[in-house]
Amino acid sequence: MREGKKADVLLGLQWGDEGKGKIVDVFTPHYKMVARFQGGPNAGHTLEFEEKKYILHSIPSGIFHRGCLNVVGSGVVIDPVIFSREIDQLGLPVDELQQSLFICRKAHLILPSHRMLDLVLEWQKGNAKIGSTLKGIGPAYTDKIARTGLRLADAATEGFNEKYQRLKQEHLRLAKSLGFETAELQIEGMGFDAYEQAWFGGLQRIRTLPQVNSEVFVNEALDKGARVLAEGAQGTLLDIDFGSYPYVTSSNTITAGACVGLGLAPSRIGEVFGVFKAYCTRVGSGPFPTELFDEQGERLREEGKEYGSTTGRPRRCGWLDLPSLRYAVMINGVSRLIMTKADVLNQMESIKVCVAYESGGERIEMLPSGADPSGMSPVYREMKGWMSELKDAGIVEDLPVELQDYLELIEDFLGVRIDIISTGPDRNQILFRKGTGVVNRV
Ligand code: GDP
Ligand code: IMO
Ligand code: MG
């Protein structure tokens, strides 16, 4: 058995936007390293502290804590334009970044023509569109799997420009066959050529950051006894294999994704922190059994400020769905639960929770495989709301009794304890269960 520590994993249990970024930021003082393992700029992780708000897309959410090593793992896909813009927005001194931000050489690059293809392929799907963030994620991972992609390390090799041109021409040929020319497209408000220019500029810039082999970097840190937190993007129900395919993203968002995207052996995984919202949201298309189309859904959207961090799109809102959470807990091996946005329900007189699906007289208590409960209707338990403001800090045991009942129902159903509750967007708005912390479990 190898000595050293195990890496903890923190990931989303729903359709993304569970508040992962905020929780990683809260946890970071207890870790030496925070490592993103998949996804790319489709993610939007919001951090709030000292009355400032930051939205991170590709950079790990430990970046604002001095001394923390932030790693962009081999499983992540990088758009140099977005990445370098993000670096600027951090407002951190260059020498500090040189010591705190590390990118894996194996990370694949999202080319401007990947973004173009994302647009074209979504357009082609018509009503069956996925609702992609259009950041080029699908096409970039497609090339990775097809063994035709370009990695960050390739940028330092001699034939890079030719390889880039060859791949781009392939993409343009495909786009043209579907009736599109580059001249027609705008990416991030720029024409294709301008975006390409910004892309090469961004690539030069990110190449000045320290490059590592993330599997070696992370495992060696663990060997030396460092605490490592693997940060997931998106959510379990958007997983390429276990989400509601095809309405998913193009990577493994689950615990196993941390093994693949960072080169961690399964035996090196420690705690798995599963983050979920006190209700559900989803951006983009695909099944959503507890979605609300009425005034109540509107209320959740407004109270929860449910508009996409990456695209600004209104998020679809609905009640908490326990059968799908049970599925997510199973797939990820969740050891500790974290519930966010409890405060959004503060003024709800009554709150519904889906405790099963019903189909032809049959009661189903776990999301069916394929994450698509079409033809099934949710069975709700109605609970009394707590109708009061929540404390920003302290212990979970001090929360109103109605909220404690809500937690108990969830814990009994899932068989995992909720150790941490988030009561607002700020890093100080966090409650722990008595006797537990980030590190110690009783
Ligand atoms: P992520 O993608 O999982 O990191 O989540 P996002 O940042 O996309 O979305 C979560 C949103 O909820 C952000 O605007 C956060 O600032 C905010 N947020 C996080 N935790 C809480 C909470 O406990 N209460 C409230 N009201 N907002 C929260
Ligand atoms: P974070 O990390 C919520 C959704 C998109 C779309 C589908 C595919 O902030 O939780 P893609 O751009 O990957 O081709 O989109 O996945 N999606 C997210 N939804 N949060 C995210 O990330 C998401 N990343 C992708 O809306 O439905
Ligand atoms: Mg988000």
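Were the residues from ASP241 through GLU397 laid out at 0.36 nm apart, the gain over their Cα-Cα distance would be 52.4 nm. Assign one of three labels to the stretch 337-424, namely rounded, prolate or oblate, based on the Cα gyration tensor with a ≥ b ≥ c the square roots of its eigenvalues; rounded applies when a/c is under 1.5, prolate when it is not and a/b is larger than b/c, and oblate otherwise. Prolate, because a/c is 1.5 or more and a/b exceeds b/c. Taking the longest Cα principal axis of the chain as reference, the axis of helix 214-223 is set at about 50 degrees. For the pair the stretch 364-442 / the stretch 195-238, the C-alpha centres are spaced 31 Å from each other.
Percent of Cα pairs in the stretch 225-333 per distance bin of 10 Å, from zero to the largest separation: 13, 41, 31, 12, 2, 0. Quick note on the chain: its Rg to Rh ratio, both from C-alpha atoms and Rh being the Kirkwood radius, is 0.97. Relative protection proxy for 401-407, 131-137, from highest mean packing down: 131-137, 401-407 (other beta-carbon atoms within 10 angstrom).
Cα centroids of the stretch 152-169 and the stretch 45-119: 22 Å apart. Give me the angle, in degrees from 0 to 90, between the Cα long axis of helix 192-206 and the longest principal axis of the Cα atoms of the chain, rounded to the nearest 10. Long axis of 192-206 versus the principal axis of the chain: about 80 degrees.
Using a probe of 1.4 angstrom and keeping all protein chains present, the accessible surface of the chain works out to 41 square angstrom per residue. For the stretch 45-54, backbone phi angles converted through the Karplus equation (6.51, -1.76, 1.60; θ = phi - 60°) give residue-by-residue couplings of 10, 9, 10, 10, 7, 6, 6, 10, 10, 10 Hz, Gly and Pro being listed as x.
Here the label points at MET190 and ASP223, each 7 Å from Cα along the C-beta direction, are separated by 4.1 nm in the simple model. Distance between the 7 Å Cα→Cβ label points at LYS163 and GLU96: 3.5 nm.
The length gained by stretching the chain between GLU382 and GLN204 to full extension, at 0.36 nm per residue less their Cα-Cα distance, is 58.5 nm. Sorted largest first, the spans of the alpha carbon positions of the stretch 276-441 along the three principal axes are 45, 33, 32 Å.
Take every DSSP beta bridge whose two residues both sit in the chain; close to 40 percent of them are antiparallel. Label-to-label distance for GLN296 and SER177 is 4.9 nm, based on points extended 7 Å past Cα in the beta-carbon direction. With a ≥ b ≥ c taken as the square roots of the eigenvalues of the C-alpha gyration tensor of the stretch 132-265, please select rounded if a/c is under 1.5 and otherwise prolate if a/b is larger than b/c or oblate if it is not? Oblate.
Per-residue ellipticity at 222 nm, computed for the chain from helices alone with -39500 (n - 2.57) per DSSP H run of at least four residues, works out to -9000 deg cm²/dmol. Shown in residue order for the stretch 117-128 are the 3J(HN,Hα) couplings computed by the Karplus curve 6.51 cos²θ - 1.76 cosθ + 1.60 at θ = phi - 60°: 4, 4, 4, 5, 5, 5, 4, 5, 6, x, 5, 8 Hz (x for Gly and Pro).
R0 = 25 Å: FRET efficiency of LYS52 with LYS6, Cβ-based, nearest 0.05? Efficiency computed from Cβ-Cβ geometry: 0.15.
Given their separation in residues at 0.36 nm each and the Cα-Cα distance between them, SER350 and ARG147 gain 67.9 nm when the chain is fully extended. Between the Cα long axis of helix 160-177 and the first principal axis of the chain there is an angle of about 70°, rounded to the nearest 10.
Which of rounded, prolate, oblate describes the stretch 108-206, given a ≥ b ≥ c as roots of the alpha-carbon gyration tensor eigenvalues and a/c under 1.5 marking rounded, otherwise prolate only if a/b is larger than b/c? Cα axes put the stretch 108-206 in the prolate bin.
The values are calculated or read from the model by the stated rules, or taken from the named source; none is laboratory data. Worth saying up front: this structure is predicted, and the values here are computed from it rather than measured. Neighbour counts run over all protein chains shown; Cβ positions are idealised from the backbone, glycine included. Heads up: the accessible areas ignore ligands, DNA and RNA and are worked out on the full protein's heavy atoms, side chains in. Shrake-Rupley method; radii C 1.70, N 1.55, O 1.52, S 1.80 Å.
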